[in-house]
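Read the structure below first, then the notes.
The values are calculated or read from the model by the stated rules, or taken from the named source; none is laboratory data. Fair warning: this is a prediction, and the values are worked out from it, not measured in the lab. A quick note on method: Cβ atoms are made from the backbone with ideal geometry, for glycine too, and the neighbour counts reach across all protein chains shown. Just so you know, the surface numbers come from the protein's heavy atoms only, side chains and all, with ligands and any DNA or RNA stripped out. Shrake-Rupley method; radii C 1.70, N 1.55, O 1.52, S 1.80 Å.
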Amino acid sequence: FQKHEFFVDMTCEGCSNAVSRVLHRLGGVQFDIDLPNKKVCIDSEHNIDILLETLKKTGKNASYLGEKSAQ
């Protein structure tokens, strides 16, 4: 899978928990949440639009930052 990086305006644990919840509900994703930098890195076969829509369901401002190259 391609890793995608998204910005999500998270300010607290509650925000990151909301992100976790919507992504788990979507399914077929592996992700890391970087709360201090307000980034979510998602490993998934879903397309970017679906991932972005899902992240926006948290009510947070979310945007696509780009593909993250595998280290």
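Can you pull out the residues in the range 1-19 that are of a type outside the set (A, V, I, L, M, F, W, C) and assigned to a loop (DSSP other than H, G, I, E, B)? Give the steps one after another, and end with the answer.
Here is the first cut: in the range 1-19, the residues of a type outside the set (A, V, I, L, M, F, W, C) are 2-5, 9, 11, 13-14, 16-17.
Within the range 1-19, Asp9, Thr11 qualify.
Of all residue pairs spaced 6 or more apart or on separate chains, those with beta-carbon atoms under 9 Å, a first member in the range 26-46 that is among the aromatic types (Phe, Trp, Tyr) and a second member that is surrounded by fewer than 18 Cβ atoms within 10 Å (Cβ to Cβ) are Phe31/Ser20; Phe31/Cys41; Phe31/Asp43. Within the range 50-62, residues that are closer than 16 Å to Cys12 by Cβ and without any contact (Cβ under 8 Å) to a residue 12 or more places away in the chain have Cβ atoms under 6 Å from residues that are surrounded by fewer than 15 Cβ atoms within 10 Å (Cβ to Cβ) and among the polar types (S, T, N, Q) in no pair, counting only partners at least 6 apart in sequence or on another chain. Here Glu53 does not qualify as over 11 Å from the mean Cα position of the chain (by Cα), surrounded by fewer than 17 Cβ atoms within 10 Å (Cβ to Cβ) and not in a loop (DSSP other than H, G, I, E, B). Would you please name the residue that is most open to solvent (accessible area, probe 1.4 Å), looking only at residues in the range 56-71 that are closer than 15 Å to Lys3 by Cβ and assigned to a strand (DSSP E or B)? The selected residue is Glu67.
Within the range 20-46, can you find the residues that are outside any loop (DSSP other than H, G, I, E, B), surrounded by 13 or more Cβ atoms within 10 Å (Cβ to Cβ) and not hydrophobic (A, V, I, L, M, F, W, C)? So that I can check it myself, show each step before the final result.
The first filter runs over the range 20-46 and keeps only residues outside any loop (DSSP other than H, G, I, E, B), leaving 20-26, 29-34, 39-44.
Next, only the ones that are surrounded by 13 or more Cβ atoms within 10 Å (Cβ to Cβ) stay: 20, 22-23, 26, 29, 31, 33-34, 39-44.
Those that are outside any loop (DSSP other than H, G, I, E, B), surrounded by 13 or more Cβ atoms within 10 Å (Cβ to Cβ) and not hydrophobic (A, V, I, L, M, F, W, C): Ser20, Asp34, Lys39, Asp43, Ser44.
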